[in-house]
Ligand code: FAS
Ligand code: PHB
């Protein structure tokens, strides 16, 4: 016999989207339950995004989880782009009249959010299996799942599908009620984490004849590097030495000697895709974050788009419960999708400029070179890139 639970908002997924939504709703007295398929340890072990827009930082502050972020996060006023051996520095603060980004790993964001949720004693079910959502077109949608051999059923007013690209929520929407747009890239990113000082203080995105590379970091002593690799790459073929050799060969000659090698503490391959589902609502269920869209990580938009979705959805739910005003819920999908598609465009554009496409013709490669040359010569082009990188307004 299932244990019957009731709540106002049932949140599927304890990644950054789900946990951030849960904190913002709880702060306004809106009951919510989070249901997560994996263990808390597994969720916190994932190494993903690294760059936060100011809007994301502001939302984390509002959720009451900004203290460690402000203490340990690194403010970055610019970043570099290299094309073969040519180096361009983008002064974000000058190009955007004072905006900047913060380098603080998604792992830390998720940890801060899950610690805050635990401290708030809010209902959270980790290691939930057989998660199902149903009755989505009724006023009382249901979430069913099992945990520790006990069946549960949650009756809610609304369901927030924050369960990522491979989650159950989007998959539960009838095919005729949702449209999906996708572009799969013919390569992946091979990422490595190492306790070594970053090769330079700010991020460096590079396009080299052997492929894209990114030099990022988590702190002054922990580096995060990525190499473009083939989409079916076997990570077993990438011992640390091969990674370091390949990265060093792609770096501009002016800094390659500064690369400090060390043992990898994490190594993984992420596929790259652009993906959007429309609309981001089905009956009483809303999709937010990776459950509704995916961007190639080139523009550092994935996590930040999840944050703006949660900004729109949390405010819409607060207006509904506090002011009996449903307008935000009715317009959530349209409002969120407007910002999503602009971030999809930016991420697609930067990915095309910075990666080597196996099937690309000489014409396409010269277009990518011309994009970079135009960027180097035009402050207006740099301003356009910078305003997207720091994050377009909500
Ligand atoms: P998430 O995928 O983070 O979280 C969804 C949660 O739902 C997970 O914990 C999952 O276990 C859970 N779930 C799934 N199915 C469920 C079910 N049936 N029932 C219950 N729970 C379920 N973005 C960047 O900006 N920069 C990067 O470098 C970057 N690298 C990435 C690398 C990888 C491998 C991936 C997959 C993504 C990367 N991203 C990056 C994007 C990433 O940061 C996402 O945008 C971010 O995790 C979005 O957060 P959520 O929407 O919470 O989705
Ligand atoms: C990262 O540090 O993981 C990172 C930074 C910027 C990106 C993608 C990933 O665009």
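For segment 1-157, what relative contact order do you get, as a whole percent, if you take Cα pairs closer than 8 Å and at least 6 residues apart?
Dividing the mean separation by the residue count of segment 1-157 yields 32 percent.
For a quick check: sort 69, 317 by the number of other beta carbons within 10 angstrom, fewest at the front.
69, 317
Considering only DSSP beta bridges whose two residues both sit in the chain, what percent are antiparallel, to the nearest 5?
70 percent
Calculate, for residue 365 and residue 67, the FRET efficiency according to 1/(1 + (r/R0)^6) with r their C-beta to C-beta distance and R0 30 Å; round to the nearest 0.05.
Using R0 = 30 Å, I get an efficiency of 0.05.
I need 169, 162 ordered by Cβ neighbour count within 10 Å, fewest first.
The order, fewest Cβ neighbours first, is 169, 162.
Find how many whole Å separate the alpha carbon centroid of segment 269-325 from the alpha carbon centroid of segment 22-79.
15 Å
With each pseudo-label sitting 7 Å past Cα toward Cβ, what's the residue 177-residue 248 distance in nm, one decimal?
Taking the two extended label points, one gets 5.7 nm.
What is the distance in Å between the Cα centres of segment 185-218 and segment 331-394?
The two parts, judged by their Cα centres, are 18 Å apart.
Based on DSSP H runs of at least 4 residues, each adding -39500 (n - 2.57), what is the mean residue ellipticity at 222 nm of the chain after dividing by all its residues, to the nearest 500 deg cm²/dmol?
Value at 222 nm, helices only, nearest 500: -11000 deg cm²/dmol.
Please report, in Å, the Rg and the Dmax of the chain, where both are computed over Cα atoms only.
Every Cα atom of the chain included, Rg and Dmax give 21.4, 69 Å.
Helix 302-323 versus the longest principal axis of the chain: what angle, 0 to 90°, nearest 10, using Cα atoms?
Once rounded, one gets 30 degrees.
Find the relative contact order for the chain and round it to a whole percent, using C-alpha pairs within less than 8 Å whose residues are 6+ positions apart.
After rounding, I find 20 percent.
How far is helix 240-250 tilted, in degrees, relative to the longest principal axis of the Cα atoms in the chain, given as a value from 0 to 90 rounded to the nearest 10?
60 degrees
For a quick check: sort 222, 366 by the number of other beta carbons within 10 angstrom, fewest at the front.
Working: 222 16, 366 12.
Result, fewest neighbours first: 366, 222.
Given a Förster distance of 22 angstrom, what is the FRET efficiency for residue 27 paired with residue 324, based on the Cβ-Cβ distance and rounded to 0.05? The partial results should precede the final answer.
On the way: r = 19 Å, r/R0 = 0.87.
E between residue 27 and residue 324, to the nearest 0.05, is 0.70.
Evaluate the Debye formula for segment 35-135 with equal point scatterers sitting on the alpha carbons, no solvent, and hand back log10 of I(q)/I(0) at q = 0.12, 0.13, 0.20 Å⁻¹, in q order, two decimals.
With no solvent term, the Cα-only Debye profile gives -0.56, -0.63, -1.06.
Throughout, read-outs are computed from the coordinates displayed, never taken from laboratory work. Keep in mind the model is a prediction, meaning the values are calculated, not measured. Here Cβ is always computed from backbone atoms with ideal geometry, including for glycine, and neighbour counts include all displayed protein chains.
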